[in-house]
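Since the structure comes first, as structure tokens, the remarks are kept for the end.
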Amino acid sequence: MNQLSDRINNLSTSATLAMAAKARELRAEGKDIIGLSLGEPDFNTPDFVKEAAINAVKDNYNSYTPVDGYVDLKEAIITKFKRDNNLDYSKPQIVVSTGAKQALFNIASVMLNPGDEVILPCPYWVSYSDIVKLNEGVPVEVKTDIKNDFKMTAEQLSAAITPKTKMIWYSSPCNPSGSVYSKDELRAIADVLQEHPNIYVVSDEIYEHINFIGSHYSMAQFDDMYDRTITVNGVSKAFAMTGWRIGYIGAPDWIARACNKIQGQVTSGANCIAQRAVISALKADPARIQYMVDEFKERRKLILELLGNVKGFETNEPEGAFYVFPNVSAYFGKTISGKTINNASDMAMFLLEEANVATVTGEAFGNPNCIRISYAASQEQIIEAVNRIKTALS
Ligand code: PMP
Ligand code: GLU
């Protein structure tokens, strides 16, 4: 008999992590799988960051840290917010967590009461809806269109707001679409929110530095949004530090205090060595990580060119992050190599089994017509993967 809680029985498994695990399993069986499922830079963590960690070990950083992070890490985060985003935060407004994922979980658990609605422009990052549901909130999906670069308009937002709306969560640059909201687009959203002073915004900026258009705007930069925006960021993507598990928020201090409180009962402070390393990462001139961004830009060009030759794949031009999100619905209802593809999940499974390429179904991101392909892989792998996809589909 299933003795588990309803909470866990109702929770979906993270589709990104599940696909990565499946790819690992098939590889262990000897299959030559190209993994384009997980959103994880394939670079090494920069040497200057690794050295800071080694020094931290030698310097005996081994004790519990303050729950919300070392004071000098908070200072580095404050300097980073000022330098990169022209945002002024003070120490009580910063909380360091075990990845941006924990930061998001903290936010949901301190902000949501049962039944509170959270507007999620679709496609959204895979874990948003389950984090909201785990905290008894109700995700409200706002469908966006490839023609509008998968961005939510002010009109769509307006139509989705109800008396129960508590928050809006989005990422920019967006995982999975790569879209970047411009200052004007954010302003239009902020204008709608002026009529709804009790709605809070989560602006997930973890891909901030992986931006190919050069301009990044934070919702909290608008004076009239500062007091109700929680800016989420982290080092996983920009510094190739996914396994180090450090994320952070800048937030109104009453929200930060609440996040500190919940974290104190769940995990305590994030890993001490990783926190020391992140100080050096955040203090560094972003020019030191530009080589990774430049390489992602090359790969984006490559994959867009190659996918342009795959019949039936319709792709927007992502402006940031390292994903493409092609609409593959032209294949729905077709049978290829004896397998019928009725939806994006079938397509992702077909590509895994017939092309040995791991991608993720768009269903996990709230868009059942698309699949997500991560191009955080070498150019050789990208070329080989798209070749295999083309062959399998033709
Ligand atoms: N937000 C977005 C949009 C992401 O893609 C990720 C990727 N893992 C996260 C948050 C969580 O990042 P992490 O927990 O590694 O800091
Ligand atoms: N954010 C990454 C992704 O979307 C990592 C996987 C995860 O944390 O779910 O693939």
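Some points to look at:
- Condition check for P114: in a loop (DSSP other than H, G, I, E, B) and within 16 Å of ligand 2 (Cβ to nearest atom): no
- Long-range neighbours under 6 Å by Cβ, at least six apart or interchain, first residue on the phi > 0 side of the Ramachandran plot and among the polar types (S, T, N, Q) within region 339-351, second surrounded by fewer than 17 Cβ atoms within 10 Å (Cβ to Cβ) and modelled with pLDDT under 95: none
- For region 95-102, the criterion of being modelled with pLDDT of 95 or more, more than 16 Å from ligand 2 (Cβ to nearest atom) and either surrounded by 18 or more Cβ atoms within 10 Å (Cβ to Cβ) or among the acidic types (D, E) (or both) is met by at least one residue.
- Test: residue in region 345-361 that is at pLDDT 95 or above, touching a Ser or Thr at 6+ places or on another chain (Cβ under 7 Å) and assigned to a loop (DSSP other than H, G, I, E, B): yes
- Some residue of region 84-107 being part of a helix (DSSP H, G or I), in contact (Cβ under 8 Å) with a residue 40 or more places away in the chain, under 28 Å from V266 (Cα atoms) and of a type in the set (D, E): no
- Single residue of region 360-382 satisfying the filter (within 14 Å of ligand 1 (Cβ to nearest atom) and aliphatic (A, V, I, L, M)) that is surrounded by the fewest Cβ atoms within 10 Å (Cβ to Cβ): A376
- Selected residue (only one of Y181, Y170, Y124, Y207 is within 30 Å of Y291 (Cα to Cα), within 16 Å of ligand 1 (Cβ to nearest atom), in a strand (DSSP E or B) and hydroxyl-bearing (S, T, Y)): Y170
- In the set (1) more than 16 Å from ligand 1 (Cβ to nearest atom); (2) outside any helix (DSSP H, G or I); (3) at pLDDT 95 or above; (4) within 21 Å of V202 (Cβ to Cβ), the condition left unmet by G69 is number (1).
The values are calculated or read from the model by the stated rules, or taken from the named source; none is laboratory data. Because the structure is a prediction, the values reported are computed rather than measured. Note: ideal-geometry Cβ built from the backbone for every residue, glycine included; neighbour counts use all protein chains shown.
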